[in-house]
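Readers should treat all values here as calculations from the given coordinates under stated rules, not as data from a laboratory. Since the structure is predicted, the reported quantities are computational estimates derived from the model, not experimental observations. Cβ: placed from backbone, ideal geometry, glycine included. Neighbour counts: every protein chain shown.
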Amino acid sequence: MMSGDQTRPDTPTMDTDADQALLALRALVECVTHHPDKVAAWRDWLDRIPLGDGAALVGVREAEVLLERLASVPGYASRAASARRILRSYHETGPQIRVVQGGDGAPSVSLSERMAAEGYDAPDGLVVPDGYRLRGSEIVRVTSEDREDVTVSERPIAIVGRATDAETGEASVSVAWRYEGRWIAETVSRYTVSDARALVALSRRGAPVDSTTASEVVRWLRRQESAAQGLPSVASMERLGWTPDGTGYLWGTTSIGQPVHLVPPGEGERSRAEGYRSRGSLEDWIREVWTPSKDQPAGLVILAALTTPLVHVLDGPGWTMDIGGPPGTGKSAALKAALSACGDPAPLWHLWGPNWAGVRNALQFAHSVPCVLDDTKHTAGDWGVVQRVVYTAYDRASQALGQVGGGTQRARPVRTIVLSTGESRIASHCADAGGASSRMLTVDRAPWDDIEIAPRIHDAVQAHHGHVLPLVIQWLLDHRDEWPDLRTQWREVHRARTEGERRADVIRVAQLPAMLEIAASVVRRAAGLQIPRRLLDLAWTLATAAEAERDTAATAWRCVEQYRATRPDRWAGVMDARTPYLGLQTGAVVYWTREGIDEALRSGGYSVADVLPMWDGRGWLETATSGGYQVRRKIGHARAWVYGLRRDRGPDADEDPHS
């Protein structure tokens with residue numbers, strides 16, 4: 001103990017055992033503070049106690065003795081117990097802790113400085129709450145004197161920030177933990193850190209939690225967050241792309257512009273988000289990927305991928321680019337070339353699936369980034385899923401897309417461009433092919449004239465990727481004042497191309513190449529890519545080709561109908577009918593023999609091989625369960641394979657099918 005002559009002249013006299021004990025503890029603070037290699041302890045809690053010149057002579061051993069005296073003084077027992085826990089923590093963890101004011105009563109150990117000492121840039125104000133302590137790298141919950149303390153976690157884990165979803169307003173938190181010598185920080189929903197079973201999922205990322213400790217970690221995180229002062233708060237989103245106000249953009253897990261954190265809804269989405277990264281150089285990508293593609297259909301696929309963020313900027317519809325053709329023509333290489341402008345193609349790859357739920361999740365997550373769906377054969381023949389994707393991508397209205405396991409997600413607009421491949425064209429399988437084809441561009445030719453380019457593209461995109469899209473996004477953010485002008489230019493290009501046109505489907509499909517025109521201008525200015533005029537002309541050619549095909553299908557149908565109406569005596573079941581029969585009329589469906597339909601189409605200059613796929617794609621044919629164009633019916637006295645033309649679905653379906 002210190003004697004009175006060691007105090008300053010103005011130091012109050014310490015008359016009680018409690019005051020003497022407090023003075024001794026304060027002296028311990030000064031003892032630690034005077035050593036630059038140690039961090040102060042117990043500072044704020046005892047600020048009101050004056051010190052004498054000899055206070056620093058008091059040591060840890062004497063402080064322990066004085067704590068026993070402090071505990072016996074009425075009114076000081078709880079303070080003594082708290083101080084004893086802190087003192088024990090100091091013994092076990094060494095000098096890398098600091099004690100700050102944690103509220104009334106016991107002080108709290110600073111997590112911020114502990115995490116900083118281990119290499120994490122933690123925000124100020126993180127503390128170890130009362131009832132917990134650090135023991136080496138462990139987090140420990142302190143129990144009563146007669147019970148062993150509970151180990152919460154073998155490694156540090158803490159809530160280091162809060163987030164609010166910019167679209168839905170839902171709350172999230174940022175959690176950091178140490179794993180294999182490095183820090184990992186994830187922004188997760190508040191539900192995850194509030195539910196023990198949900199929290200265990202973070203162990204996949206190395207979080208120090210399992211089924212036996214999850215409830216303790218949930219309890220620790222709740223107390224630790226409550227004790228923290230001034231936690232930073234940021235915006236977050238559950239999907240990629242633009243924030244609602246257009247001031248920020250999530251390029252995978254990287255925020256461009258206004259800071260925003262990604263809270264992926266699942267591990268699959270997290271993996272895809274991590275694929276948005278750069279490798280190699282822009283110059284090499286231009287030389288090895290863009291240059292051999294820029295005047296080929298593959299260049300149009302790349303431009304479509306880079307057009308995706310413009311959907312939001314122009315306030316236009318999303319749409320689908322369908323790359324169809326037989327195997328071995330380079331379809332997959334074209335998709336990889338397009339994705340390489342945005343990131344690493346491998347993690348961004350997604351296959352079509354046989355159910356709406358999986359495809360829907362991919363569509364929803366790819367907001368303002370291209371959504372790749374490879375090979376329509378993976379739909380297992382469910383073309384309704386494909387048609388639903390085409391319409392969902394185009395629809396600018398908010399949509400409740402549903403949720404696996406029941407319920408619905410919040411209604412949010414889907415703004416993306418779908419890049420799809422398949423051996424057959426999407427339009428040839430949609431029941432409403434006319435409407436579907438006016439919401440897509442169909443690339444019905446090989447991506448490159450020289451098929452030998454495709455293998456070189458596969459190699460090039462692995463070495464060089466992820467450079468162009470970030471430049472486009474940064475340019476758009478730097479030129480937000482030009483967004484209204486870009487919208488005006490898009491509408492003017494569209495209007496010039498459709499002036500005098502009255503058909504809704506023609507006007508609709510013209511929006512797509514008009515959007516590519518604006519994107520080409522932006523990409524030139526943002527990344528220096530030269531977009532050949534012939535590439536944009538190809539886009540307009542594909543749009544008009546789709547319309548020409550729609551006209552061909554309808555005129556061929558009317559030709560056949562006219563042929564039927566002018567030969568009423570050539571049908572089975574008709575009195576005095578002449579043979580060979582053209583087929584059988586049954587009201588809404590007219591069944592034509594192979595010879596009959598060939599005869600009727602040739603009368604108008606059409607061929608069966610060209611026209612039947614168009615009709616089938618529009619749902620105008622009654623098809624067999626095997627998917628073929630023909631069905632088995634009785635014509636006269638014998639059964640035969642025939643073509644069933646559904647007059648109730650044809651181009652004149654509004655007319656009476658029985659007339």
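List of remarks:
- Between amide H atoms placed 1.01 Å from N, distances below 5 Å from Val128 occur with Val109, Ser110, Leu111, all of them 5 or more places distant or on a separate chain.
- Between Arg456 and Thr254, the contour length at 0.36 nm per residue exceeds the alpha carbon distance by 69.8 nm.
- With the simple model of a label 7 Å out from the Cα in the direction of the Cβ, Thr579 to Arg219 spans 9.2 nm.
- The magnitude of the dipole of region 421-566, with charges of +1 and -1 set on the Cβ of Lys/Arg and Asp/Glu and taken from the Cα centre, is near 340 debye.
- Kirkwood Rh (inverse of mean 1/r, distinct Cα pairs), region 482-552, angstrom: 13.0 Å
- Electrostatic bookkeeping for Glu274 treats Lys and Arg as +1 and Asp and Glu as -1; over the other residues with beta carbon under 14 Å from its beta carbon, the sum is +2.
- Under the Karplus curve 6.51 cos²θ - 1.76 cosθ + 1.60, θ = phi - 60°, whole-Hz ³J(HN,Hα) for region 631-646, x wherever Gly or Pro sits: 10, 9, 9, 8, 10, x, 9, 9, 7, 8, 7, 9, 9, x, 8, 8
- Taking the Cα centre of region 119-208 as reference, the dipole from Cβ charges on Lys and Arg (+1) and Asp and Glu (-1) amounts to some 240 debye.
- Between amide H atoms placed 1.01 Å from N, distances below 5 Å from Ala163 occur with Ser172, Val173, Ser174, Val234, all of them 5 or more places distant or on a separate chain.
- Highest-first arrangement of 416-424, 459-467, 530-538, where packing means the average Cβ count within 10 Å: 416-424, 459-467, 530-538
- Kirkwood-based shape ratio for region 272-336, expressed as Rg/Rh from alpha carbons: 1.00
- Dimensions (Å) - region 171-328, Cα atoms, principal axes, largest first: 61, 36, 30
- Here the calculated FRET efficiency for Asp598 and Ser271, from their Cβ-Cβ distance with R0 = 51 Å, stands at 0.45, rounded to the nearest 0.05.
- Between Leu477 and Thr168, the FRET efficiency estimated from the beta carbon spacing at R0 = 30 angstrom works out to 0.85.
- Peptide packing: for 262-274, 513-525, 630-642, the average count of neighbouring Cβ atoms within 10 Å per residue gives the ranking 513-525, 262-274, 630-642, highest mean first.
- Neighbours of Arg639 by Cβ distance under 9 Å: Lys/Arg scored +1, Asp/Glu scored -1, total +3.
- Distances between placed amide hydrogens fall under 5 Å for Ser153 paired with Ile139, all partners being 5 or more residues away or on another chain.
- Taking the average, over residues, of other Cβ atoms within 10 Å as the packing measure, peptides 495-503, 203-211 rank 203-211, 495-503 from highest down.
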